[in-house]
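The block underneath contains the structure these notes are about, expressed in structure tokens.
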Amino acid sequence: MDYRPKVGGDSFIRSVRRFLNGLGRRCTCRLCGRHFFRFSKFRGGWAAFSPYLHEVKWTGSDFDRFWCPFCRCHDRERHLALFFDHLGLWPTFAKAAILHIAPERGLSEMIADQCPANYVKGDLVPSREGICKIDVMQIPYADEAFDWILCNHVLEHVPDDRKALAELFRVLKPGGRAVLQTPYAEHLALTRENDSEIDSDEKRIAFYGQEDHVRLYGRDLFRRIRDAGFELTLKTHRECLSGKDPQRYGVNAAEPLFLCAKPLARGAAG
Ligand SMILES: [Zn+2]
């Protein structure tokens, strides 16, 4: 889902604010390279979210440092770019077949710059040109079609996420890799979903974090990804990006990279 504000809708006041913001040097956007005083908050920032989400330690986007005021990329695009820098992943996109679900605009431009052999961008509701309509629960591609899959902050929207994970696994080549970022609650052991009492936008925002989320993952999320067949490695900000101040780069240091791989020979020893 693309919550990016309309670029053409800038008011004069907003333009002046952005100009003044751009006089700062405290923050740096990894995607556009601009420096400025501060990133923009999402919906009033983290303090405006429900006490319940604070209590269960919701981990996902950085609501306090969400939009870049210049290129309007999300915090999660910036974080992935920093992880890809550290892990040396950019060259692996060259000549690769890539499936990018709900493609983030800035990140997808950077991936396209690597000249993949086949770069498929898909979304259930395509929001711009060049994006195909793809239901992640029924991916219209053959088995083992892709070397790379990027599917970030999608599963929490999907009615049957196990089916989606099975589909993502099916279309990934053995030895292929996937990035499956998904918000979850660190203090929740089991995923909260199918709760008949959470039956309005207001309650979904309070308990799931957003009106179009259908669940709040607990720590069993990791097991759910592994049960689909993926080898999941959680790469932490501290482990990979200790030299990157999360406040300067506008990223949530608590959110790990969900780096997944499809085993070469599933279930075979060695
Ligand atoms: Zn930017």
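Coordinate-derived values only; no laboratory data. Quick caveat, the model's predicted, so the values are computed rather than measured. No Cβ is skipped: glycine too gets one built from the backbone with ideal geometry, and neighbour counts run over all protein chains shown.
Side notes on the structure shown:
- Whether the range 90-198 is rounded, prolate or oblate, judged on the alpha carbon gyration tensor where a/c under 1.5 counts as rounded: prolate
- The orientation-averaged projected area of the convex hull spanned by the Cα atoms of the range 23-118 comes to 7.4 nm².
- The chain: antiparallel DSSP beta bridges as a percent of all, rounded to 5: 50
- Placed amide H near Arg72: partners under 5 Å, 5+ positions off or other chain: none
- Solvent-free Debye scattering, log10 I(q)/I(0), computed from the Cα coordinates of the range 170-246 at q = 0.14, 0.20, 0.21 Å⁻¹: -0.64, -0.98, -1.02
- The mean sequence separation of alpha-carbon pairs under 8 Å and at least six residues apart, normalised by the residue count of the range 146-270, gives a relative contact order of 29 percent.
- Since only Ser11, Gly60, Ala228 are under comparison, the one whose Cα sits farthest along the positive direction of the charge dipole of the chain, derived from C-beta charges on Lys, Arg, Asp and Glu, is Ser11.
- Globularity ratio of the range 212-270, using Cα Rg and 2.2 N^0.38 Å: 1.45
- Packing-based ranking, highest mean first, of 214-223, 70-79, 114-123 given that Cβ atoms within 10 Å are counted: 70-79, 214-223, 114-123
- Per-residue ³J(HN,Hα) for the range 235-249, Karplus 6.51 cos²θ - 1.76 cosθ + 1.60, θ = phi - 60°, Hz, x for Gly and Pro: 9, 8, 4, 4, 5, 9, 10, 4, x, 10, 4, x, 6, 5, 8
- Peptides 95-106, 168-179, 187-198 ordered by packing proxy, namely the average of other Cβ atoms within 10 Å per residue, highest first: 95-106, 168-179, 187-198.
- Summing Lys and Arg as +1 and Asp and Glu as -1 over all other residues whose Cβ lies under 9 Å from the Cβ of Pro256 gives a net charge of -1.
- For the chain, a crude dipole built from +1 on the beta carbon of Lys and Arg and -1 on the beta carbon of Asp and Glu, taken about the Cα centre, is about 1060 debye to the nearest 20.
- Calculated [222 nm] ellipticity per residue, helices only, for the chain: -7000 deg cm²/dmol; basis is -39500 (n - 2.57) per DSSP H run with n ≥ 4, divided by all residues, nearest 500.
- Alpha-carbon geometry of the range 147-213: the Rg and the Dmax are 14.0, 42 Å, given in that order.
- Estimated translational diffusion coefficient (Stokes-Einstein, Kirkwood radius over Cα pairs, 37 °C, 0.692 mPa s) of the range 75-261: 192 µm² per second.
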